[in-house]
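Quick notes on the structure that follows.
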Amino acid sequence: MFKFLLRRSDLPLDRDAHSQFLPWLIAFMVFLAVLAMAGMLMLNSVAERWDQGVTGTLTVQIAPSEDSSEDDIRLRAALTVLASTKAIDRYEVMSDSRVLKLLEPWLGGIANSDELPLPRLIDVELHSGAVLDSKQLAERLAAKVPGSSVDDHRVWLERLVNLIRTVQTLATLVLVFIAFATVGTVIFTTRTGLAVHREAIEVLHLIGAQDAYIAQQFSRRALSLGLTGGFLGLILGVPTLIGIGFLVGRMDGFLMPGLHLATYHWVIVGLLPIGVAVIAMVTARLTVLRSLGQML
Amino acid sequence: MEAASDEAIARFENVGLRYGLGPEVLRDVSFALPKGSFHFLIGESGAGKSSLLKLIYLALKPSRGLISLFGNDIAVTPRQKLPALRRRVGVVFQEFRLLNHLSAFDNVALPLRVSGAKEGLVRKHVSELLAWVGLESHMEARPPTLSGGQQQRVSIARAIIARPRLLLADEPTGNVDDVMGFRLMHLFEELNRLGTTVVIATHNMQVVERLGHGRLLLDEGFLTVKPPRPIPDPAATGKDLISDGEKKALAVAEAAAVADPFGNFPGDDETFGDPASLENYL
């Protein structure tokens, strides 16, 4: 594959046994890079969506009282407070069935609210760009409705976002390690090639070949091997991504909302083999130039 | 031979060379190679002939002294300009140093390709030159499948394909018989006649004595320059430089070589082409 890039070569680099393993190593590294990059991009989308979805919303919770007949009175009092707050665009009392559904992952299936005293939850949405002091709102609500609380989601959101950022940092580190490993492997392979073909390189040098002429033969070879290995890694990585996407799709969308790759994410992932091949090409070229620079 | 002009192709001034911390193999070497000159570089084995040639074709740096090639002081010439100087020097290496994985054609084409010649031009010139050295039917052959003489001709073709101004040959007669040795020498003389400055390292004193060109004599690292001289007449000097056995072969070879330096020799199927075609080429 990609042998057309080699054209005519004065050095028999295509017969080097030591470089035969390079496409497989690059394939493995691109496979890992595809997974790391896809994971990073997906988590980035998830974090953005969580952030957008939760900012500007809050939840008011009214604990159930011992006398259930008081609950409606307490709810109306809370709604009055909310209605008098300018920053609030709209609010909606969650139905018992929706509250039960939210509790289902922790408490299992519950037929109706008679089996369990349920808190009353109010979904609140702020005006776009409006700033609300949730602590002050909580104090106003508590004064009218003892046992009420306000959750602006920031605490758990920050924890989740921090978790995602940490995973993203790790994925970035994996990509950096992959880049370093590619560079190291190509340097090793190129140096071995320089040693194996020392005699031929010396002849080329003595008949007047510029360093760039010799380096070009190594860099073309590295590009060819890099593209071969890179696309092999991509061919292995894409089905893996699709498989992971399928498994995630079967999970509850609450924790992993819309975990999928957008079109531009696929483009970025598809460019990885080319990126790795270019890294291999540039590394080979610089290694040869550096080595030849020590000759007269 | 063309009259040597005053312009020096290469100039050495008090050049010394040592390998690592070892003793100096070349000491205070000073000489100039006038344009169009022909010199034999002679000396015992280990006298430093190959080292001196390596300094000329820029494979080594001197430990001290000044080397000037085509008017460029090598010590101050930027490294990236050295390949251009090397391209003006053709070298016939002692062990040929052909690239065994390449065909005869590709070996000869190397100097043109490294200088960026277009492939059409490369094909034309290499085919012509290989035909001229009698290897048109071996263009695709790899060096290991060629005889020593054929490899040598590939090596010579590679050395002259880029029309060098200076041709260096390290022991070109070391691996061939006397007949072929004489033919090679006449070939080098022909190239010299066409304007190429030539330096031949050899320890074949018979050839040196019979051709009478200028000599660079190396002895224990010191160089002495001897000017060209008339070809000695054995009858006058009473000295025979060659054995009786060699004399017969050489008489045949030399007579044929002088008459036609590129022609056939009795019993030899290795031929050079018409000198006129070389003249056109160079």
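The values are calculated or read from the model by the stated rules, or taken from the named source; none is laboratory data. Quick caveat: nothing in here was measured; it's all calculated off a predicted structure. Here the Cβ is made from the backbone with ideal geometry for all residues, glycine too, and neighbour counts use every protein chain on show.
General observations
- Of the strands (runs of 3 or more DSSP E) lying entirely inside the range B:35-123, those containing at least 3 residues that are away from every other protein chain (no Cβ under 14 Å) are B:38-43, B:64-69.
- Among the residues listed as A:Ala181, A:Ala171, A:Ala200, the single one being among the small types (Gly, Ala, Ser) and under 30 Å from B:Glu95 (Cβ atoms): A:Ala200
- Among the residues of the range B:126-160, the one identified as over 23 Å from B:Val199 (Cα atoms), among the aliphatic types (A, V, I, L, M) and touching a Gly at 6+ places or on another chain (Cβ under 8 Å) is B:Ala131.
- Of the criteria (1) surrounded by 21 or more Cβ atoms within 10 Å (Cβ to Cβ); (2) farther than 25 Å from B:Phe70 by Cα, which one B:Leu187 fails: (2)
- Residue within the range B:114-124 that is surrounded by fewer than 16 Cβ atoms within 10 Å (Cβ to Cβ) and within 11 Å of B:Ala162 (Cβ to Cβ) present: no
- Just one of the listed residues (B:Gly36, B:Gly71, B:Gly90) is surrounded by fewer than 22 Cβ atoms within 10 Å (Cβ to Cβ), closer than 19 Å to B:Phe188 by Cβ and not basic (Lys, Arg), and it is B:Gly36.
- Checked against the criterion of being within 22 Å of B:Leu17 (Cβ to Cβ) and either modelled with pLDDT of 95 or more or not β-branched (Val, Ile, Thr) (or both), the candidates B:Leu191, B:Leu217, B:Leu187, B:Leu211 yield just one match: B:Leu217.
- Looking only at residues in the range A:124-172 that are assigned to a loop (DSSP other than H, G, I, E, B) and charged (D, E, K, R), the one that is surrounded by the most Cβ atoms within 10 Å (Cβ to Cβ) is A:Asp152.
- Residue within the range A:113-123 that is free of Cβ contacts under 8 Å to residues at least 12 places away in the same chain and part of a helix (DSSP H, G or I) present: yes
- So B:Ser127, is it hydroxyl-bearing (Ser, Thr, Tyr), part of a helix (DSSP H, G or I) and either facing another protein chain (nearest Cβ under 10 Å) or surrounded by fewer than 18 Cβ atoms within 10 Å (Cβ to Cβ) (or both): yes
- Selected residue (only one of A:Leu121, A:Leu175 is modelled with pLDDT of 90 or more, assigned by TED's automatic domain parsing to the domain that holds A:Val81 and surrounded by 13 or more Cβ atoms within 10 Å (Cβ to Cβ)): A:Leu121
- Some residue of the range B:162-177 being assigned to a helix (DSSP H, G or I) and not basic (Lys, Arg): no
- Pair list, Cβ under 7 Å, 6 or more apart: the range B:93-114 residue free of Cβ contacts under 8 Å to residues at least 24 places away in the same chain, other residue of a type in the set (A, V, I, L, M, F, W, C): B:Arg113/B:Val122
- In the range B:153-180, the residues that are under 16 Å from B:Leu41 (Cα atoms), under 12 Å from the mean Cα position of the chain (by Cα) and of a type outside the set (D, E, K, R): B:Leu166, B:Leu167, B:Leu168, B:Ala169, B:Pro172, B:Thr173
- From the list A:Leu103, A:Leu58, the one residue that fits, being of a type outside the set (S, T, N, Q), at pLDDT below 80 and either under 23 Å from A:Glu125 (Cβ atoms) or surrounded by 14 or more Cβ atoms within 10 Å (Cβ to Cβ) (or both), is A:Leu103.
- Test: residue in the range B:116-129 that is at pLDDT below 95 and under 16 Å from A:Leu206 (Cα atoms): yes
- In the range A:206-226, the residues that are surrounded by fewer than 22 Cβ atoms within 10 Å (Cβ to Cβ) reach residues that are charged (D, E, K, R) and modelled with pLDDT of 95 or more with C-beta atoms within less than 8 angstrom, at least six apart or across chains, in these pairs: A:Leu206/B:Arg86; A:Ala215/A:Arg285; A:Gln216/A:Arg285.
- Pairs where the first residue, in the range B:1-21, is within 15 Å of B:Leu66 (Cβ to Cβ) and of a type in the set (Phe, Trp, Tyr) and the second is modelled with pLDDT of 75 or more and crowded, with 19+ Cβ neighbours inside 10 Å, C-beta under 7 Å, 6+ apart: B:Phe12/B:Val29; B:Phe12/B:Ile67
- Which numbered condition B:Leu216 fails, given (1) in contact with a strand residue (DSSP E or B) (Cβ under 8 Å, 6 or more places away or on another chain); (2) part of a helix (DSSP H, G or I): (2)
- Residue selected from the range A:194-226 under the condition facing chain B (nearest Cβ under 9 Å) and outside any helix (DSSP H, G or I), by the criterion nearest to B:Ala84 (Cα to Cα): A:Gly208
- Note on the range A:56-110: residues that are among the hydroxyl-bearing types (Ser, Thr, Tyr), over 21 Å from A:Pro146 (Cα atoms) and assigned to a helix (DSSP H, G or I) amount to 1.
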